[in-house]
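One structure below.
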There are 2 protein chains.
Amino acid sequence: DEVGSHRDGTDDPWAAEPRRHPALKPSSKTPFNAEPPPALLADNFLTPKYERGPDLFYVRNHLPVPVIDPSEYELEVDGVGVDGLTLSLEQLKNDFPAVTVTATVMCAGNRRSEMTQVKPVRGLFWGAAAVGNATWTGARLTDVLKAAGYDVNSGPGKHVCFEGLDTDPSSTPYGASIPLETAVDPRRDVILAYEMNGQPLSRDHGAPVRVIVPGVVGARNVKWLGRITVSDTESDSHWQHSDYKGFNPSVDWDTVDFSKSPAIQELPVNSAICWPAPGHTVKVKDGHVHVKGESGLTYWQTAGSVNAGIACECFGGGQRIVRVDVTADGGATWHDMALTVEEAAPAGRCWSWCLWQGRVPVPPGATAAQLWVKATDASYNTQPETFKNIWNLRGVLSNAYHRVDVNLKRV
Amino acid sequence: DEVGSHRDGTDDPWAAEPRRHPALKPSSKTPFNAEPPPALLADNFLTPKYERGPDLFYVRNHLPVPVIDPSEYELEVDGVGVDGLTLSLEQLKNDFPAVTVTATVMCAGNRRSEMTQVKPVRGLFWGAAAVGNATWTGARLTDVLKAAGYDVNSGPGKHVCFEGLDTDPSSTPYGASIPLETAVDPRRDVILAYEMNGQPLSRDHGAPVRVIVPGVVGARNVKWLGRITVSDTESDSHWQHSDYKGFNPSVDWDTVDFSKSPAIQELPVNSAICWPAPGHTVKVKDGHVHVKGESGLTYWQTAGSVNAGIACECFGGGQRIVRVDVTADGGATWHDMALTVEEAAPAGRCWSWCLWQGRVPVPPGATAAQLWVKATDASYNTQPETFKNIWNLRGVLSNAYHRVDVNLKRV
Ligand SMILES: [Mo]
Ligand SMILES: [Mo]
């Protein structure tokens, strides 16, 4: 079959990888995993494409990028209560209403490189930019399930499993599942997306079709979607059962039992300072705020400063971020940041991150400071202070306060 | 009118207060506010009535308990898009399907007495037991709104306001509101409850009718319900606008602007150790676990112990508590507790707390220890470590780790 064959006819599964934006910083090249510079993220509510190159959205691939001819693409739908159905890309586009949803996608391992400082964890060492926000357009999963004869009101307890067309050397595909309750939730437009930010999906983001599950961890937003199966049980994929789960800090590789924890679906509230970067020298200036708009880079002022960041609780039921606080004095004083939110999103359907910026006083005379950020969502859930007590052996769910050491220069 | 008159004909608004269980510990007597001993809470999934007395469910009244003759009770329904409707108690019971939901109700100020240790806050000094769990039976709010001609699918952006029949000396009633999205959410059975744990509501819990909004703070579960109004704006009640909101720790009474924070609806994940109590001497015994089942009180063992507690994330989208960890060594080791959950609740509709218990090793030779607990919900949100960085002037949302100092006695 076409999948697994490669353009250049060699046996190298990595020979047909797509071109990537040079600003993406890889944490692994085969499979390709990379994130953009954080300062660029905070500039745009929708993660952009710059110039003529590919976009800056982080890439998290588990296997080689499959080569798929869109004209030969087929999506299979099967499983419990489903009449078998096979759809071409044209059928998916033409036979179902196109739905557009704005949703942040984040890797479960985002910010792992901070957690591993406490005690080593296993995984790719992501910084704070394994996250991006985009508009996604596609067919509603529920519409496709209905077309396959499935009664979407048949009750809870089942799972919708997704298989990618990306495969390992034994031809095992990437896979994941979501609970049926999530799949059919009328407030959460789960879609089979063929466009991202108004353009056809790129190969790195799952062309021609990926699943978008607003509010759910990237790992379940399966790319290069080949099959949808309604099942009585979760996906039997390694990534559903034996990865992407949280444990208490005392569970180690000798004692871990992956069957004891639930697969990550929604993610906890999180936030990050995108600018300044660690080690950066920032200007402290008497007088008024001086903001320079280049790439969102801004300058500090009097016992005052400006910085930019992202707060991602695109998750946890689609709740809005209601407050982002920053301190430069170890929590002695906390300062509300100004938030950029998606105004159109109704309550409980805020699937996007918010961007934020603001001024923070620094201690008089200080030549250095550590900035901390924490976000609070509409349920008033907030972040844990440190990584020590949320440490887990896979380094996922890394949402303690983001702390950035900077040097201060008075001007 | 009948409301505000009192049985004994005096002008004392407190003369007609109901009888209370003697085990309830008041934080205020007029209005009556009281909580049960925590150790009794952890014994029962549903907060019980003992013997012949009233129940042990915490009471949070803002005003005198109104005297209401059930045969003369009237519920008014009005507002934007609503044909006026007045219902008697019999009509509410007979004209609408009876729906039963199990839901935890918690005060926004639960555990305030811990937060005030960091820096004084204003409010009633609740311990960790201003929370209870019950089954509630009543008519669905959406069924009543439909009967009043309201199109429950008319779109988001509105609010459903509730007025109590309890009034202050100027005849202003208690009031609160919830977003329409919450009110009509098909996964969240918001009901007008006339029964609690299979019995007619008691006067302290809102007889004859109160609102139950699963997953939402007690303050919006309006008791002695007299009026429901669909509105373009939130309730104009003091308690909606100028109370029950969170702020960052640097906001004080000179700088607070209540219009800047959202009214608390869902609450963050929380948990508490119910037994042992602070200052308690607990037995540490070599050998096997020795559990004594009296009132859930249990004994410690070898570098091992048993205790009981509650974890309340009855909130935040109805998510299940997936893990409760306890440490007796300042976080050096964390230990999973065994959870008692409501098995019948489908994912996303877990409106009840869970109870938990387990064994915790204590440091060898120690004669005292501090126990810490934290719970984690299905979005892997967990609790902040300390109160310092979540402190707020009203002392609400008090969900840092619960810490209990105990003495250890080896047996
Ligand atoms: Mo991921
Ligand atoms: Mo409350």
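Inside the range A:177-213, can you point out the residues that are within 16 Å of ligand 1 (Cβ to nearest atom) and either closer than 24 Å to A:Asp151 by Cα or touching a strand residue (DSSP E or B) at 6+ places or on another chain (Cβ under 6 Å) (or both)? Walk me through it before giving the result.
First, pick out the residues of the range A:177-213 that are within 16 Å of ligand 1 (Cβ to nearest atom): A:177-178, A:204-206, A:210-213.
Scanning the range A:177-213 gives A:Ser177, A:Ile178, A:Asp204, A:His205, A:Arg210, A:Val211, A:Ile212, A:Val213.
If you take the residues in the range B:244-261 that are at the interface with another protein chain (Cβ under 10 Å from one of its Cβ atoms) and without any contact (Cβ under 8 Å) to a residue 60 or more places away in the chain, which one is nearest to the chain's Cα centre (by Cα)? Before you say what the answer is, go through the steps one by one.
Let us first name the residues in the range B:244-261 that are at the interface with another protein chain (Cβ under 10 Å from one of its Cβ atoms), namely B:245-251, B:260-261.
If we keep only those that are without any contact (Cβ under 8 Å) to a residue 60 or more places away in the chain too, we end up with B:250, B:260-261.
Working: B:Ser250: 27, B:Lys260: 25, B:Ser261: 21 Å.
The selected residue is B:Ser261.
Regarding the range A:388-400, can at least one residue be identified that is part of a strand (DSSP E or B) and buried (at least 23 other Cβ atoms within 10 Å of the Cβ)? Full working, then the answer.
The initial filter retains those residues of the range A:388-400 that are part of a strand (DSSP E or B), namely none.
No.
Taking the range A:230-250, which residues are touching a Phe, Trp or Tyr at 6+ places or on another chain (Cβ under 8 Å) and away from ligand 1 (no atom under 16 Å from the Cβ)?
Residues satisfying the conditions are A:Val230, A:Asn248, A:Pro249, A:Ser250.
Would you mind finding the one in B:Thr172, B:Thr182 that is modelled with pLDDT of 95 or more, among the β-branched types (Val, Ile, Thr) and away from ligand 2 (no atom under 16 Å from the Cβ)? Lay out the reasoning, then the answer.
Details: B:Thr182 fails: modelled with pLDDT of 95 or more.
Exactly one of B:Thr172, B:Thr182 is modelled with pLDDT of 95 or more, among the β-branched types (Val, Ile, Thr) and away from ligand 2 (no atom under 16 Å from the Cβ), namely B:Thr172.
Considering only the range A:326-344, how many residues are small (Gly, Ala, Ser) and either surrounded by 16 or more Cβ atoms within 10 Å (Cβ to Cβ) or part of a strand (DSSP E or B) (or both)?
Residues of the range A:326-344 small (Gly, Ala, Ser): A:328, A:330-332, A:338, A:344.
With the extra rule that they be either surrounded by 16 or more Cβ atoms within 10 Å (Cβ to Cβ) or part of a strand (DSSP E or B) (or both), the set shrinks to A:328, A:331, A:338.
Adding up the residues that qualify gives 3.
Is it true that A:Val322 is more than 18 Å from B:Lys388 (Cβ to Cβ), at the interface with chain B (Cβ under 10 Å from one of its Cβ atoms) and touching a residue at least 40 places away in the same chain (Cβ under 8 Å)? Let's see the steps before the verdict.
Working: more than 18 Å from B:Lys388 (Cβ to Cβ): yes; at the interface with chain B (Cβ under 10 Å from one of its Cβ atoms): yes; touching a residue at least 40 places away in the same chain (Cβ under 8 Å): yes.
Yes, satisfied.
Can you report the number of residues in the range B:143-165 which are within 14 Å of chain A (Cβ to nearest Cβ) and under 23 Å from B:Asp236 (Cα atoms)? Before you say what the answer is, go through the steps one by one.
We begin by selecting, within the range B:143-165, every residue within 14 Å of chain A (Cβ to nearest Cβ); these are B:152-160.
Among the residues that remain, those that are also under 23 Å from B:Asp236 (Cα atoms) are: B:152, B:154-160.
Counting residues in the range B:143-165 that are within 14 Å of chain A (Cβ to nearest Cβ) and under 23 Å from B:Asp236 (Cα atoms) gives 8.
Any residue in the range A:293-309 that is touching a Leu at 6+ places or on another chain (Cβ under 6 Å) and at pLDDT below 90? Break it down stepwise before answering.
Let us first name the residues in the range A:293-309 that are touching a Leu at 6+ places or on another chain (Cβ under 6 Å), namely none.
Within the range A:293-309 (the criterion being touching a Leu at 6+ places or on another chain (Cβ under 6 Å) and at pLDDT below 90), the answer is no, since none of the residues qualifies.
Could you say whether any residue in the range A:36-52 is more than 14 Å from chain B (Cβ to nearest Cβ), more than 16 Å from ligand 1 (Cβ to nearest atom), part of a helix (DSSP H, G or I) and within 15 Å of the chain's Cα centre (by Cα)?
yes
Please identify the pairs in which a residue from the range A:262-275 that is under 14 Å from A:Val322 (Cα atoms) and facing chain B (nearest Cβ under 7 Å) has its Cβ atom under 9 Å from the Cβ atom of a residue that is part of a strand (DSSP E or B) and of a type in the set (S, T, N, Q), counting only partners at least 6 apart or on another chain.
A:Val269/A:Thr376
Return the only residue of B:Val160, B:Val144 being surrounded by 22 or more Cβ atoms within 10 Å (Cβ to Cβ), assigned to a helix (DSSP H, G or I) and at pLDDT 95 or above. Please lay out each step first, then the result.
Numbers: B:Val160 fails: assigned to a helix (DSSP H, G or I).
From the options B:Val160, B:Val144, the qualifying one is B:Val144.
Yes or no: A:Thr142 of a type in the set (S, T, N, Q) and away from ligand 1 (no atom under 14 Å from the Cβ)?
Working: of a type in the set (S, T, N, Q): yes; away from ligand 1 (no atom under 14 Å from the Cβ): yes.
Against the criterion (of a type in the set (S, T, N, Q) and away from ligand 1 (no atom under 14 Å from the Cβ)), A:Thr142 qualifies.
Check B:Asp168, B:Asp189, B:Asp232 and return the single one that is surrounded by fewer than 22 Cβ atoms within 10 Å (Cβ to Cβ), more than 14 Å from chain A (Cβ to nearest Cβ) and under 18 Å from the mean Cα position of the chain (by Cα). Step through it out loud before you land on a result.
Numbers: B:Asp168 fails: under 18 Å from the mean Cα position of the chain (by Cα); B:Asp232 fails: under 18 Å from the mean Cα position of the chain (by Cα).
Within the list B:Asp168, B:Asp189, B:Asp232, the selection yields B:Asp189.
Restricting to the range B:20-46, give me the number of residues that are closer than 13 Å to B:His205 by Cα and out of contact with any Lys or Arg (no Cβ under 9 Å at 6 or more places or on another chain).
1
Output yes when any residue across the range A:206-215 is within 14 Å of another protein chain (Cβ to nearest Cβ), surrounded by fewer than 18 Cβ atoms within 10 Å (Cβ to Cβ), closer than 19 Å to A:Leu267 by Cα and not hydrophobic (A, V, I, L, M, F, W, C), and no when none is. Before you say what the answer is, go through the steps one by one.
If we filter the range A:206-215 for residues that are within 14 Å of another protein chain (Cβ to nearest Cβ), which is where we start, we get A:213-215.
Those still in the list that are surrounded by fewer than 18 Cβ atoms within 10 Å (Cβ to Cβ) too: none.
Looking through the range A:206-215, none of the residues is within 14 Å of another protein chain (Cβ to nearest Cβ), surrounded by fewer than 18 Cβ atoms within 10 Å (Cβ to Cβ), closer than 19 Å to A:Leu267 by Cα and not hydrophobic (A, V, I, L, M, F, W, C).
In the range A:63-73, what residues are out of contact with any helix residue (DSSP H, G or I) (no Cβ under 7 Å at 6 or more places or on another chain) and either farther than 30 Å from A:Thr142 by Cβ or touching a residue at least 40 places away in the same chain (Cβ under 8 Å) (or both)?
Residues of the range A:63-73 out of contact with any helix residue (DSSP H, G or I) (no Cβ under 7 Å at 6 or more places or on another chain): A:63-64, A:66-69, A:71-72.
Matches in the range A:63-73: A:Leu63, A:Pro64, A:Pro66, A:Val67, A:Ile68, A:Asp69, A:Glu72.
Has the range A:361-378 got at least one residue that is without any contact (Cβ under 8 Å) to a residue 60 or more places away in the chain, surrounded by 22 or more Cβ atoms within 10 Å (Cβ to Cβ) and over 21 Å from the mean Cα position of the chain (by Cα)?
Looking for residues that are without any contact (Cβ under 8 Å) to a residue 60 or more places away in the chain, surrounded by 22 or more Cβ atoms within 10 Å (Cβ to Cβ) and over 21 Å from the mean Cα position of the chain (by Cα), one finds at least one in the range A:361-378, hence yes.
Among the residues that make up the range B:69-89, is at least one of them of a type in the set (Ser, Thr, Tyr), within 16 Å of ligand 2 (Cβ to nearest atom), away from every other protein chain (no Cβ under 14 Å) and over 27 Å from B:Asn197 (Cβ atoms)? Can you show your working first?
Here is the first cut: in the range B:69-89, the ones of a type in the set (Ser, Thr, Tyr) are B:71, B:73, B:86, B:88.
In the following step, the residues that additionally are within 16 Å of ligand 2 (Cβ to nearest atom) were identified as none.
Among the residues of the range B:69-89, not one is of a type in the set (Ser, Thr, Tyr), within 16 Å of ligand 2 (Cβ to nearest atom), away from every other protein chain (no Cβ under 14 Å) and over 27 Å from B:Asn197 (Cβ atoms), which makes the answer no.
If you take the residues in the range B:369-391 that are over 15 Å from B:Asp325 (Cβ atoms), at pLDDT below 95 and in contact with a Leu (Cβ under 9 Å, 6 or more places away or on another chain), which one is farthest from the other protein chains (Cβ to nearest Cβ)?
From the range B:369-391, those over 15 Å from B:Asp325 (Cβ atoms) are B:369, B:378-379, B:386-391; that's our starting set.
Restricting the remaining residues to those that are at pLDDT below 95 gives B:369, B:378-379.
Filter once more, so that each one left must be in contact with a Leu (Cβ under 9 Å, 6 or more places away or on another chain): B:369, B:379.
Details: B:Ala369: 16, B:Ser379: 4 Å.
Across the range B:369-391, the extreme among qualifying residues is B:Ala369.
Hey, could you check the range A:269-287 for residues that are part of a loop (DSSP other than H, G, I, E, B) and buried (at least 21 other Cβ atoms within 10 Å of the Cβ) and say which is farthest from the chain's Cα centre (by Cα)? First the steps, then the outcome.
Our first condition is that a residue be part of a loop (DSSP other than H, G, I, E, B); within the range A:269-287, this holds for A:269, A:276-280, A:285-287.
Still in the list and also buried (at least 21 other Cβ atoms within 10 Å of the Cβ): A:269, A:276.
Details: A:Val269: 12, A:Pro276: 22 Å.
Applying the filter and picking the extreme gives A:Pro276.
Of all the residues that make up the range B:194-213, how many are within 16 Å of ligand 2 (Cβ to nearest atom) and over 20 Å from B:Ser71 (Cβ atoms)? First the steps, then the outcome.
Our first condition is that a residue be within 16 Å of ligand 2 (Cβ to nearest atom); within the range B:194-213, this holds for B:204-206, B:210-213.
Those still in the list that are over 20 Å from B:Ser71 (Cβ atoms) too: B:204, B:211-213.
The qualifying residues number 4.
The values are calculated or read from the model by the stated rules, or taken from the named source; none is laboratory data. Bear in mind that the values here come from a model prediction, so they are computed numbers and not experimental data. Every residue, glycine among them, receives a Cβ derived from its backbone with ideal geometry; neighbour counts consider all protein chains shown.
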